[in-house]
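Let me begin by presenting the structure, written as structure tokens, before commenting on it.
The values are calculated or read from the model by the stated rules, or taken from the named source; none is laboratory data. All figures in this text were calculated on a predicted structure; none of them were measured in a lab. Using ideal geometry, Cβ is built from the backbone for each residue, glycine included, and neighbour counts are taken over all protein chains shown. Calculation scope for accessible area: heavy atoms of the full protein, side chains included, ligands and nucleic acids excluded. Shrake-Rupley method; radii C 1.70, N 1.55, O 1.52, S 1.80 Å.
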Amino acid sequence: MRVCGLMSGTSLDGLDIAIVDFSYEQSTLQHALIGFTTKPYDEVLRKKLHALMDPRTSVQEVSSMNMYLGELFATYVIEALEELEIPIDTVDVISSHGQTIWHEPSVDVADVYARPNTLQIGDIAVIAERTGRTVIGDFRTRDMAVGGQGAPLVPYADKLLFQSTTGRVLVNIGGIANLTVLPPIHSTESIIAYDTGPGNMIIDACILRHSNGQVTFDENGEIARSGKVQNAWLSDLLQHSYFKAPIPKSTGRELFGEAYVKEFWYEGDAYNCTSADKIATATMFTASSITAEILKYRDTHDVQEVIVSGGGAHNSTLMAMIQQLLPSDIRLITSAEAGINADAKEAIVFALLGYLGIQKTPNSLPEATGARKETIMGKIAWGSSKAESGA
């Protein structure tokens, strides 16, 4: 089955599109990446999406953007397939994560109407109508329906794609960083997965401030490399309550978004930090919070290898900081070195979740989300015989 996986993450930088062929041979999952591309968002859309994450945003704005993103995602899929010279009628299913604009896994229990909730927009019915393909999406809500946090979802795929005879930790560094701890195949230890905290989110926001909105990320970690980490401040940052919260847990812009970054930036002034120092400290903050979690499982899960994917894998300063904090006997590599395109990984993952979901096969990992049981995640919008003209 050929699946087109779509991923738009918390970094708000664009839509990742992966076309993947899946099959089972002798009960073993086989997959082949046929094509991959990223369609970047322009600055106007990026700002509009960021604004939607403010709870004061009107329902009308959210509802309208839901439909607009459905149209945009469909257009991007059609363009990508043409550029990759892959006929659209060879794609069996489109699997879309959508764009998360709100994720609230814990709520005030005193409010009788409050429920754990999550919202991903980019309407799948619109994508189905514009492309003519069947679309599966909105995965997280089904996990929440059985008591899970709706995140992280990547660990299910990590288990299928990466579990080995030695312990491995898979780390994805997008806007938020998450890890999957994979014990050796025959180990009695459980798979453990959760969000570790900020990934690129704080770094990127600091770069925007440093450049007066002209630059969106620290290419290759060059600005962080030019600054100096403020260790006393770093120690304070690592006392954040999220790091002490029990697992399973997940987080997002609600905790480490604009309000947090505004306070972070001004705190740096109290430590006499330059802009570069703030960015260096933010980068080490991400590295330290990730490695602190990895080291918790070094012995119990026989961790010998850490595999990094996501945009953070391209930040050589961040990668060097992680390597510096890890023991010398733990190997640090990117997922590309392990056979999976580091940029395409999450789009591949959602292609896989869609492949399983469309076949009514459980595609969740309760150990990662805290759900009471495994379930089949994803809602389906059935395709038509052909795409709507003008899409």
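Values as computed for the structure displayed
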{"item": "Any hit, region 93-106, residues being polar (S, T, N, Q) and part of a loop (DSSP other than H, G, I, E, B)", "result": "yes"}
{"item": "Selection within region 35-84 - among the polar types (S, T, N, Q), touching a helix residue (DSSP H, G or I) at 6+ places or on another chain (Cβ under 8 Å) and not in a helix (DSSP H, G or I)", "result": "37, 57"}
{"item": "Residue among 203, 207 that is under 20 Å from residue 178 (Cα atoms), in a helix (DSSP H, G or I) and in contact with an Asp or Glu (Cβ under 7 Å, 6 or more places away or on another chain)", "result": "203"}
{"item": "Residue selected from region 1-31 under the condition modelled with pLDDT of 90 or more and small (Gly, Ala, Ser), by the criterion most open to solvent (accessible area, probe 1.4 Å)", "result": "23"}
{"item": "Subset tally (residues that are open to solvent by 10 Å² or more (accessible area, probe 1.4 Å) and assigned to a strand (DSSP E or B)) for region 177-194", "result": "2"}
{"item": "Unique residue being in contact with a strand residue (DSSP E or B) (Cβ under 8 Å, 6 or more places away or on another chain) and open to solvent by less than 70 Å² (accessible area, probe 1.4 Å) when the list is 124, 78", "result": "124"}
{"item": "Candidate set from region 325-372 (those that are of a type in the set (D, E, K, R) and assigned to a helix (DSSP H, G or I)); member that is surrounded by the fewest Cβ atoms within 10 Å (Cβ to Cβ)", "result": "367"}
{"item": "From the options 145, 110, residue that is open to solvent by 10 Å² or more (accessible area, probe 1.4 Å), small (Gly, Ala, Ser), over 28 Å from residue 336 (Cβ atoms) and without any contact (Cβ under 8 Å) to a residue 24 or more places away in the chain", "result": "110"}
{"item": "Filter pass, residue 315 being touching a residue at least 24 places away in the same chain (Cβ under 8 Å) and open to solvent by less than 20 Å² (accessible area, probe 1.4 Å)", "result": "yes"}
{"item": "So residue 34, is it open to solvent by less than 30 Å² (accessible area, probe 1.4 Å) and among the β-branched types (Val, Ile, Thr)", "result": "no"}
